[in-house]
Amino acid sequence: MINLQSECFVEDNDIYVLECHHGIIIVNNNYSGINLYNKNLELLSTIDIFEGILIHTVYKNPYKNEVILYCPDNKVFVYLNIDTAFQKVIDFNADIDECGLSNIYFWSGHEVIMLCGNKRYYRIDTSLFSLQELDMLGIEKEYPTVHKMLNDSSKYLIFEGGTEKLTYKDRINNEIVNFDYMNDIKIVSKIPNKLGHEVIYLNGIFLSVHEEFIQAIKEGNEVARIDTVSPNIFLKARKLTEQSANFIVLRGIKSNAEQCFLSHYYIN
């Protein structure tokens, strides 16, 4: 069963980014920065970054309240400490192909390793706020598990990436998989019907996000779902923390991109 815990209506904000990090909900504040909410969907703070920012990906430190925002239209990364609002812009002028950067990454200490669609590796040092391209042989030697995971990821449709786990569709076997690659543990489920535009994994269950409904899947079966009605559509969903059964949903209104709902659900 999926239970609604809290909800808030947001207006005058074209939200296209939704992430959760250590229980803090992150959304963009139009095109100038981000807003932070708590689990009760109360606004904690607004962090201004710069006008015209377009955030493509949010990389998260699994152990600290730090994130890196990838903004390809602006040709920068932005390092951000959520606790202090300290930020640093890191220029990124590499020739990225149409695949862009992978949403799979590895963050350990002050090093963040990521893979570009053109098969080049990059490292951001958050102590020096520097960016460098890495040699593939060096990656294979220094980070063998990460190297193998990044290479293998090209075989799959990736839904969630991270430092230790990823969620993906295995097209060959028609399965969805949550892979803890650090411990070599896989949770696998058959796909009962067409998957939505997003899939997340939490607490033993896969959530498939469609515009009209969100379907909870376990062991190949639908075990719960929530529906919406026009003109509302489900846009995004993110788990509140890595270990909990709580998740946050962004629900939009077709006729007005600057009005939406943030909803906190619990599944049991």
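Just so you know, all these numbers are worked out from the coordinates, no wet-lab data involved. Note that this is a predicted model, so its numbers are computed, not measured. Because the Cβ atoms are built from the backbone with ideal geometry, glycine has one as well, and the counts that use them run over all protein chains shown.
Ranked by Cβ crowding within 10 angstrom, fewest neighbours first, how are CYS71, CYS260 ordered?
Values: CYS71 19, CYS260 25.
Fewest-to-most Cβ neighbours within 10 Å comes out as CYS71, CYS260.
In this simple spin-label approximation, GLN259 and GLN132 carry label points 7 Å from Cα along the Cα→Cβ vector, and these lie 5.3 nm apart.
With contributions of -39500 (n - 2.57) from each DSSP H run of at least four residues, the per-residue ellipticity at 222 nm computed over the chain stands at -1500 deg cm²/dmol.
Placing a label point 7 Å from the Cα of ASN30 along the Cα-to-Cβ direction, the residues of segment 49-75 whose backbone N falls under 11 Å of that point are 51-52.
Residue-normalised convex hull volume from the C-alpha trace of segment 2-267: 129 Å³ per residue. Fully extending the segment from LYS190 to THR84, taken as 0.36 nm per residue of separation minus the present Cα-Cα distance, adds 33.8 nm. For segment 51-80 versus segment 140-210, the inter-centroid distance based on Cα atoms is 22 Å. LYS148 label point, 7 Å along Cα→Cβ, cut-off 14 Å on backbone N: hits in segment 180-194? Residues 180-186 qualify, since their backbone N sits under 14 Å from the label point.
Which pairs in the list LYS119/LYS254; LYS75/LYS239; LYS119/LYS239 are over 32 Å apart, alpha-carbon to alpha-carbon?
Numbers: LYS119/LYS254 37 Å; LYS75/LYS239 29 Å; LYS119/LYS239 29 Å.
Table pairs above 32 Å Cα-Cα are LYS119/LYS254.
Among the chymotrypsin sites (Phe, Trp or Tyr not before Pro) in segment 1-93, those placed in a DSSP loop whose Cβ has at most 11 other Cβ atoms within 10 Å are TYR63, PHE86. Neighbour counts of C-beta atoms inside 10 Å place LEU150, LEU36, LEU44 in the sequence LEU44, LEU36, LEU150, starting with the fewest.
Quick one: order MET114, MET149, MET136 by neighbouring beta-carbon count within 10 Å, fewest to most.
Going from sparsest to densest Cβ surroundings: MET136, MET149, MET114.
Taking 4 °C and 1.567 mPa s as conditions, segment 21-64 diffuses translationally at an estimated 115 µm²/s according to Stokes-Einstein applied to its Kirkwood radius (Cα pairs).
Looking at segment 53-115, which GluC sites (Glu not before Pro) are DSSP coil and have at most 10 other C-beta atoms within 10 Å of their C-beta?
Answer by residue number: GLU98.
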